[in-house]
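> One structure, pasted below without further comment.
Please treat every number below as a calculation from the coordinates, not as lab data. Just so it is clear, the structure is predicted and the values come from calculations on it, not from any experiment. A quick note on method: Cβ atoms are made from the backbone with ideal geometry, for glycine too, and the neighbour counts reach across all protein chains shown.
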There are 2 protein chains.
Amino acid sequence: MLTSVDTDLIRVLADPLRLQIVSLLARETLCTTHLVEETGARQTNLSNHLKVLREAGVVETEPCGRFTYYRLRPEVIESLAGSFADLAATARATAENNTKRACP
Amino acid sequence: MLTSVDTDLIRVLADPLRLQIVSLLARETLCTTHLVEETGARQTNLSNHLKVLREAGVVETEPCGRFTYYRLRPEVIESLAGSFADLAATARATAENNTKRACP
DNA sequence: GACTGACGTCAGCATGGACTGATACTGTCA
DNA sequence: TGACAGTATCAGTCCATGCTGACGTCAGTC
């Protein structure tokens, strides 16, 4: 069942740059400088998007000297993956049962 | 691994109304009139969104007299669910291994 | 303490997307 | 065959969103 929290999270991930950031952070914890290098985005643009991800609770920060490291919160992605898995299962069952509401 | 196809699909689903439509269609095949009733959206707005979903290949139509029934294509949601499951697994492994790139 | 690097914030701008009203087309019925 | 229901398309409007440049703050170095 998709909740309004899921809806907000999907909107956050709907931006190509934010989705790229999340994909990169899924593989390793990176700092802002790394992310600028990997994505090719300008530093301020990247900061804007990291703020969106942070405020959505998708990532959290870890200061390291003057660098700021970002790490993904796996439980957030796991939860969303679970919601989509449920949706997919429901959709498959409906397709197989050919569940169809009568014409009004 | 999230592909650009996934990115486009996530953008399509990022709209609250379209996500609601997809959730409804996951449970049963419905016609436009049903969807107007269930969502409370205006008919032309709903048609606009159904067009977006149709063109993205998320739903397909089935004429039934003067009614148009919409059904979800479960394989599309299954594929997306799989991509998110992979992302979640990668994220969990990274968190557990504490994989962190060195400062530049 | 001055300077530099890292990075976060903000205002301004451009544009893509969502909604609306109008309208056209198709199917059904009396 | 005309009226009506169902639904798709389109143009116009508005605003949310993404990007940029400028700049401020903080940490590290000399």
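> Which of B:LEU46, B:LEU24, A:LEU80 sits closest to the plus end of the dipole of the protein assembly as shown, meaning its Cα is farthest towards the positive end, when Lys and Arg get +1 and Asp and Glu get -1 on the C-beta?
B:LEU46
> Nearest 20 debye, what's the magnitude of the dipole of the protein assembly as shown about its Cα centre given +1 on Lys and Arg Cβ and -1 on Asp and Glu Cβ?
Roughly 400 debye for the protein assembly as shown.
> Let me ask another. With each pseudo-label sitting 7 Å past Cα toward Cβ, what's the A:GLN43-B:THR39 distance in nm, one decimal?
In this crude spin-label approximation the distance works out to 4.4 nm.
> GluC sites (Glu not before Pro), restricted to the range B:52-81: which are DSSP loop and have at most 12 other Cβ atoms within 10 Å?
none
> Turning to a different aspect of this structure: In peptide B:90-100, how many Cβ atoms from other protein chains are near each Cβ within 10 Å, on average?
6
> Okay, moving on. Report, as an integer, the average count of C-beta atoms from other chains found within 10 Å of each Cβ along B:66-73.
3
> Would you please classify the overall shape of the protein assembly as shown from the alpha carbon gyration tensor, given that a ≥ b ≥ c denote the square roots of the eigenvalues, rounded means a/c under 1.5, and beyond that prolate means a/b larger than b/c while oblate covers the rest?
prolate
> Using a 7 Å offset from Cα along the direction of the beta-carbon, what are the separations from A:LYS51 to the same position in each other copy, nm, ascending?
3.6
> Using unit Cβ charges (K, R positive; D, E negative) and no other charged atoms, how large, in debye to the nearest 20, is the dipole of the range A:5-57 about its Cα centre?
With only Lys, Arg, Asp and Glu charged at Cβ, the dipole is about 120 debye.
> In addition: Using all Cα-Cα distances in chain A, what percent lands in each 10 angstrom bin from 0 up to the longest?
P(r) for chain A, in whole percents per bin: 13, 40, 23, 13, 8, 3, 0.
> Please give every one of the lysines within straight-line cross-link reach of B:LYS100, meaning a C-alpha to C-alpha distance under 16 Å, and leave out same-chain neighbours fewer than 8 residues apart.
none
> Quick query: amide H of B:THR29 versus all other amide H atoms, modeled in the peptide plane; which residues come in under 5 Å with a sequence gap of 5 or more or a different chain?
Under 5 Å from the amide H of B:THR29: A:THR99, A:LYS100, A:ARG101.
> OK, next. How far, in whole Å, is the nearest Cβ of chain B from the axis relating it by rotation to chain A, and which residue carries it?
B:ALA14, 2
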